[in-house]
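The values are calculated or read from the model by the stated rules, or taken from the named source; none is laboratory data. If you're wondering where the values come from, they're calculated on a predicted model, not measured in any experiment. Cβ placement follows ideal geometry from the backbone for every residue including glycine, while neighbour counts extend to all protein chains displayed.
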């Protein structure tokens, strides 16, 4: 046979063995090889090589056409159809998998969170993607649950049978279930309102600071972080559930106020309903009824908060939100909430500033359990009035009693440039101040309840005691109070000479 050697032309190697001549294509192959030889003498080796590649393709097609009559077309069609069905309708498509979308200890955004009899269930085929369970939810001591072996969080993982008899189920991450059971659970679970903000605490909720300033703030932070990392415009919260605390009107006989989610003045309810218009608020009563019904539930999108889980985090520093507040978010993550709170405000406070003179709000706690000594209070008021007399500030001295509507309180604080107050619940309103504002918190000892709120709101916080002030992370253990220290620093702020003390992250 004339033409290029197959051994010397690896690019021209046929897909079938050269020892078996193609059936029905012998004449064509012989003529083509002769043509290749003549062409080689006229146009060179390059053209012959290209023709040889064409011959190879013809050989392959010839063999394929001669083999097809012996193939079962029915079998081929059946296999192709089966492959198409497996791609378009995989068995796992019927499962509503649990996915952790954003997380910090104590605060988790979860897609398809299952619940049964006071236990959160995470349904997955990738259990290693689930955070540490104690960072998701925990159980406080409750006799009716602990005696039944209650577990706060369970992972249900789809796994095949073990490859060795030495494998022990108890050593696995989560419990193994079949795909069939996972499909059935996905189909039969009752779907609840979503997105749902869930609080898993059995105490420390019936206080404005502990709900709005801690657990709600942390929940909103992880939710905002999910928006930040996904680039999505997130839907409005449809339900807020306090799964282990009662509403004030549902309090059973013998229950303590610590078992309620509502505070006495009504701040928790007002803020929750104002921030989420039309929201459904559920309490422990609703979840006890679900448990009694013995049915599974699924929340398509949940924001789960757990105080104990937050305290387990490496950045907690005695607070449940130490880690979640370190998650990156957009700069205006709190401004939108303030706008909702004041959307229909018609009160006496002007929300549009008519002067550039800094507004100072002294929130007095005189007459409450924690207050300045009478002489110190009066000296502070007199010093602040001196600043006003010099035209440096506009001063307002007020008290936030239960007679002052919450919307009015938000309006007063949010329009202030400098807030002064003794350590107390009213400082939760720091969340609504403009970034760049300042707050002076007067306290008898080092308490870091409100300074984190200031830092994440872009507000400069000063802890004030006797003759000095300090920024949150540098305060000594024993500092007393002198009102003149406050006014001296205000002069620096007004003059624009306090920037070196700022501790607001970029």
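Looking for whichever is surrounded by fewer than 17 Cβ atoms within 10 Å (Cβ to Cβ) and closer than 20 Å to residue 458 by Cα here; the options are 434, 425. Which one fits?
None of the others qualify; the one that does is 434.
Can you pull out the residues in region 119-134 that are touching a helix residue (DSSP H, G or I) at 6+ places or on another chain (Cβ under 8 Å) and either surrounded by fewer than 22 Cβ atoms within 10 Å (Cβ to Cβ) or not assigned by TED's automatic domain parsing to the domain that holds residue 288 (or both)?
Once the filter is applied, which keeps residues that are touching a helix residue (DSSP H, G or I) at 6+ places or on another chain (Cβ under 8 Å) and either surrounded by fewer than 22 Cβ atoms within 10 Å (Cβ to Cβ) or not assigned by TED's automatic domain parsing to the domain that holds residue 288 (or both), region 119-134 yields 125, 134.
Okay, residues lined up against (1) in a helix (DSSP H, G or I); (2) modelled with pLDDT of 95 or more; (3) touching a strand residue (DSSP E or B) at 6+ places or on another chain (Cβ under 8 Å); (4) within 23 Å of residue 325 (Cα to Cα):
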position: 413; (1), (2), (3), (4): yes, yes, yes, yes
position: 416; (1), (2), (3), (4): no, yes, yes, no
position: 420; (1), (2), (3), (4): no, yes, yes, no
position: 444; (1), (2), (3), (4): no, no, yes, no
position: 449; (1), (2), (3), (4): no, no, no, yes
position: 476; (1), (2), (3), (4): no, no, yes, no
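What single numbered condition from (1) touching a strand residue (DSSP E or B) at 6+ places or on another chain (Cβ under 7 Å); (2) assigned to a loop (DSSP other than H, G, I, E, B); (3) touching a residue at least 12 places away in the same chain (Cβ under 8 Å) fails to hold for residue 298?
(2)
If I go through region 169-191 residue by residue, how many of them are in contact (Cβ under 8 Å) with a residue 60 or more places away in the chain, within 24 Å of residue 291 (Cα to Cα) and in contact with a helix residue (DSSP H, G or I) (Cβ under 9 Å, 6 or more places away or on another chain)?
Residues flagged as in contact (Cβ under 8 Å) with a residue 60 or more places away in the chain, within 24 Å of residue 291 (Cα to Cα) and in contact with a helix residue (DSSP H, G or I) (Cβ under 9 Å, 6 or more places away or on another chain) within region 169-191 amount to 5.
Can you pull out the residues in region 92-118 that are modelled with pLDDT under 95 and out of contact with any helix residue (DSSP H, G or I) (no Cβ under 8 Å at 6 or more places or on another chain)?
93
I need the full set of residues from region 178-195 which are over 23 Å from the mean Cα position of the chain (by Cα) and either buried (at least 16 other Cβ atoms within 10 Å of the Cβ) or in a helix (DSSP H, G or I) (or both), in order please.
Those that are over 23 Å from the mean Cα position of the chain (by Cα) and either buried (at least 16 other Cβ atoms within 10 Å of the Cβ) or in a helix (DSSP H, G or I) (or both): 179, 180, 181, 182, 183, 184, 185, 186, 187, 188, 189.
Can you tell me which residues in region 451-474 are modelled with pLDDT of 90 or more and outside any strand (DSSP E or B)?
Across region 451-474, the qualifying residues are 451, 452, 453, 454, 455, 456, 457, 458, 459.
Search region 196-209 for residues being within 19 Å of the chain's Cα centre (by Cα) and outside any loop (DSSP other than H, G, I, E, B), and hand back the single one that is nearest to residue 423 (Cα to Cα).
For region 196-209, the residue satisfying everything is 199.
Starting from residues that are more than 25 Å from residue 98 (Cβ to Cβ) and under 21 Å from the mean Cα position of the chain (by Cα), keep the ones in region 278-317 and report whichever is modelled with the lowest pLDDT.
Step by step, filter region 278-317, then rank; the result is 317.
With the requirement that a residue be out of contact with any strand residue (DSSP E or B) (no Cβ under 6 Å at 6 or more places or on another chain) and either closer than 22 Å to residue 219 by Cβ or at pLDDT 95 or above (or both), what does region 127-161 give you?
Correct list: 129, 132, 134, 135, 138, 139, 140, 152.
Among the residues of region 335-348, which ones are crowded, with 17+ Cβ neighbours inside 10 Å and in a loop (DSSP other than H, G, I, E, B)?
Listed by number, the list holds a single entry, 342.
Considering region 359-403 alone, what residues qualify as being farther than 14 Å from residue 422 by Cα, assigned to a loop (DSSP other than H, G, I, E, B) and either touching a helix residue (DSSP H, G or I) at 6+ places or on another chain (Cβ under 6 Å) or outside the structural domain of residue 495 (by TED's automatic domain parsing) (or both)?
392, 393
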